[in-house]
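To keep things clear, I will list the structure first and then write my remarks on it.
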Amino acid sequence: MPFEEIYNNYWSKIFRLCMGYVNDHALAQDLAQETFIIVWQQLPNFRNESNIGTWIYRIASNRCLRQLETDKRIQKSELPFQIKEEAPLSIEPQIQFLYTCISELPETDRIIISLELEDIKQAEIAKIVGLSEGNIRVRIHRIKAILTEKFKVYER
Amino acid sequence: MSANIDFKNLWKQQEAEQPELSDLMLLLRSYKNKGLKRLVLTNVLLVITTVGLVLIWYYFQPQLITTKIGLITTILAMLIFVLAYNTLFKYYKSASEFESNSAYLKNLITIKRKQKFMQTTMLQLYFILLSLGVCLYLYEYVKLMPTVVGLLVYALTLAWLAFNWFYLRPKTIKKQEKKLDILIKKFEMINRQLDELDELNA
């Protein structure tokens, strides 16, 4: 698959995954871009043994996990002039609330639920995260319960 | 439990501005250069210093063995430093981004531990070798000076080395250790989230 096609097919999916992880528009944009830089560099080495989607999601989720290493950049993007520049798009409060809730979950849960909401099969999620399918199923069930509970309180 | 909240629908409504492909390509180019630049710079600095030291040897023709040992020790110190730096760079390259999250996290923790060893032990070694090298190198020239001046030169040099050893070295190591310890702890914590899950299902 040529890079341009991958880029167009996966950009918004990867962006949402990053957004669920950090809940910061500018940072999510950076993380998504870094993911595609790795994809571009490593595409010639991609062997068709695994699904290209699994491969890309692994790169993106690993990039997210490693994000805490570059804490400095977070501080940088918190500078007031940059916040104004990168004003979040006007999104419905409900969407915003969902992303906030997800970004408050434990790190690995953020990845798991993001992939689930992206309609990735649980077998694939298991491969991306490195856990058994049964584990993933249990965890998704639990996370959804937590989210539902939070939404109930929110809507009240 | 109410299942009537359509999380998937909400999730997908998040707008995502896709940057132009050409912008991404521009970013790509600057990225490639950044990491490489630092590596090249460190290596070039080492080569220049080493050449400088060899030139001193060549032009001033030191007579005493202590001077020669001093020069070699100093070069060795720098060599070890850059070697450690380059090895660290290789470790990072070897961390494969295509592994599962759990494998990747374990890898990251190992790398960070190695980095901690490198930065503390290697820095220690670097300081010792450099101090030893400078002291040995000076001996030949100090011998030619009047005793008082010679003593003063050594006193000043030793004072400078002591400042490095007792103040700069612990400070640098502590700072790096603290930063790495925080990262290692955090990565281990994330990794434990996956372990707990395994236990639950066992």
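The values are calculated or read from the model by the stated rules, or taken from the named source; none is laboratory data. In this text the structure is predicted, and so the values were computed from the model without any measurement. Glycine gets a Cβ as well: all are built from the backbone with ideal geometry, and neighbour counts include every protein chain shown.
Observations, loosely collected:
- Members of the stretch A:53-78 found to be modelled with pLDDT of 90 or more and more than 11 Å from chain B (Cβ to nearest Cβ), listed by number: A:53
- Taking the criterion of being closer than 15 Å to residue A:65 by Cβ and of a type outside the set (A, V, I, L, M), the residues of the stretch A:110-137 that qualify are A:110, A:114, A:130.
- Test: residue in the stretch B:115-133 that is under 13 Å from the mean Cα position of the chain (by Cα), modelled with pLDDT under 90 and among the basic types (Lys, Arg): yes
- For the stretch B:62-87, filtering for residues that are among the polar types (S, T, N, Q) and farther than 22 Å from residue B:121 by Cα leaves 3.
- Near pairs, Cβ below 6 angstrom, 6+ apart or cross-chain, from the stretch B:1-21 (facing chain A (nearest Cβ under 7 Å)) to any residue that is at pLDDT below 80: B:15/A:89
- Cβ pairs under 7 Å, 6+ apart, first in the stretch A:110-132 and more than 8 Å from chain B (Cβ to nearest Cβ), second basic (Lys, Arg) and surrounded by fewer than 22 Cβ atoms within 10 Å (Cβ to Cβ): A:122/A:137
- Subset of the stretch B:47-90 that is touching a Ser or Thr at 6+ places or on another chain (Cβ under 7 Å) and farther than 13 Å from residue B:134 by Cβ - its residue that is modelled with the highest pLDDT: B:82
- Tallying residues that are assigned to a helix (DSSP H, G or I) and acidic (Asp, Glu) within the stretch A:91-150 yields 6.
- Selection of helices (runs of 4 or more DSSP H) fully inside the stretch B:86-198 by the criterion of at least 3 residues being basic (Lys, Arg) returns B:101-117.
- The residue of the stretch A:21-52 that is farthest from the other protein chains (Cβ to nearest Cβ), among those that are touching a Lys or Arg at 6+ places or on another chain (Cβ under 6 Å) and not hydrophobic (A, V, I, L, M, F, W, C), is A:21.
- Contacts under 8 angstrom Cβ, first residue in the stretch A:96-107 being free of Cβ contacts under 8 Å to residues at least 12 places away in the same chain, partner of a type outside the set (Asp, Glu) and in a helix (DSSP H, G or I), 6 or more apart: A:106/B:190; A:106/B:193
- Residue within the stretch B:136-145 that is within 16 Å of residue B:76 (Cα to Cα) and touching a helix residue (DSSP H, G or I) at 6+ places or on another chain (Cβ under 9 Å) present: yes
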